[in-house]
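Participant: The structure under discussion is supplied below as C-alpha cells; questions concerning it will follow.
Just so it is clear, none of the values below were taken in a lab; they were calculated from the coordinates. This is a predicted model, so every value here is computed, not measured. Methodologically, a virtual Cβ is constructed for each residue, glycine included, from the backbone with ideal geometry; neighbour enumeration extends over all protein chains shown.
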Amino acid sequence: MTEEKPKKSFLKRLQTKYIFIVRNEENFEVKFTIRASFANLGLITGGLSVVLIVLVTSLVAFTPLREYIPGYADVNIRKDILYLSLKTDSLEQALQERSDYIRNIRRILSDSADVDTSKTTKTDTASTKHNKTFTPPSHADSILRTEVESQNPYNVSMGGDRDKSLSTLNDYFFFAPLKGVITNGFNPASNHYGVDITSKENDAVKATLDGTVVLSTWTLATGNVIIIQHKDNIISVYEHNSVLMKKAGDQVKAGDVIAIVGNSGELTTGPHLHFELWYQGSPVNPIDYVTF
C-alpha cells in the first residue's frame, strides 16, 4: 500500500514557489524563467490595481477629461452660467427702464399720449410749406386749452407755483448751443415749444449743460434729433441736424459738440437748429436763460 502525502495547508500553498519557463517552440531554448508564488503574484496584482486606480482618479479629478464624463460638469462653467444668467437679468431690467424713460420723454415732447416718431404736431419755420390735417381736440382738451390761453401765454402749466419753481434755472449757466439769428420764437399756443436759430452751414451744435444723451435718432418730421437729460429734471432738444456726433448713453459736458447744423426732416426750409428747453415736464422759453 502506498502512503498518502499529507495535504498542505492553504497558507503553505500560497507560499510555495513555482517556476514559469518560456522556451522557443523550435529548439526548446529557454528564453526566460519566472520564479514566484501565488502570494507574490497576488501582491504584484494588487499593487498594480492600486496604482491604476490612483492614476485614473487623478486624471478625472485634476484634468479636463472629467468634463467628458456624463453628469460631471466643470465648477467654473457652473459659475460662469450663473454669472451670465444674473447679468442677463440685470441687462434686461436696465433695457426696460431705459425704454420706459425714453418713452416718457417722447410723450413730453408730443401732444398725444401715444407717441408716433413718424408724425409730430409741432410746427417749425417750414410749417407753411406743409398742409397737415390734425385730429380735432376732445371737449376736455378744449376746456384745458381755453383755460391755459386765458393766462400768461408763456405759462403752459397749471398752478401759481411755476415762477417759483423756475427760479432754480437762474442758478445755471446755459451754454449757447448755436450762435446765430432767431427766426422763429417760442410760441406754445401754436405748438412751437422752442426757438429756431439760423447760422452758417456746417456750424457745430453744442450741449447747453452737462448731461446724458437719452435719445439720438432720426424722425420723418424733425430729421436728426438729439435729446440730453440734465440735472434737476432739465431736458434740452436739438432738431434738424445734418450729422449726430453723440449716441444714446454718452456723457457730455457743456460746450461739447453733439451735432452739425443741418436741414433734415420735413418741417424745415433751410439749415437751422430748432432748440427746446424743458423743465420738470414743461417747456420754457430758451431766450430767458440762454444768450444766442
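Participant: How high is the relative contact order of the stretch 10-66? Use alpha-carbon pairs under 8 Å, at least six apart in sequence, and give a whole percent.
Facilitator: 26 percent
Participant: Past 30 Å, Cα to Cα, is the threshold; run LYS179/LYS247; LYS79/LYS247; LYS87/LYS231 against it and keep the listed order.
Facilitator: Pairs exceeding 30 Å: LYS79/LYS247.
Participant: With each label point set 7 Å from Cα along the Cα-Cβ vector, what nm distance links SER9 and GLU26?
Facilitator: 5.0 nm
Participant: Now for a different question. For the stretch 11-18, take each phi angle, set θ = phi - 60°, evaluate the Karplus expression 6.51 cos²θ - 1.76 cosθ + 1.60, and give the result in whole Hz per residue in order, putting x for glycine and proline.
Facilitator: Each residue's phi maps through the Karplus curve to give 5, 5, 5, 5, 8, 5, 8, 10 Hz.
Participant: Taking H as built 1.01 Å from N, whose amide H comes closer than 5 Å to the amide H of MET245, not counting residues under 5 places away?
Facilitator: The list, which skips near neighbours in sequence, is ALA259, ILE260.
Participant: Ranked by Cβ crowding within 10 angstrom, fewest neighbours first, how are ASP171, ASP89, ASP210 ordered?
Facilitator: Fewest to most other Cβ atoms nearby, the residues stand as ASP171, ASP89, ASP210.
Participant: Then there's this: Based on other C-beta atoms within 10 Å, arrange GLU201, GLU29, GLU239 from fewest to most.
Facilitator: GLU29, GLU201, GLU239
Participant: For LEU52, LEU267, what's the fewest-to-most ordering of other Cβ within 10 Å of each Cβ?
Facilitator: Taking fewest neighbouring Cβ atoms as first place, the list is LEU52, LEU267.
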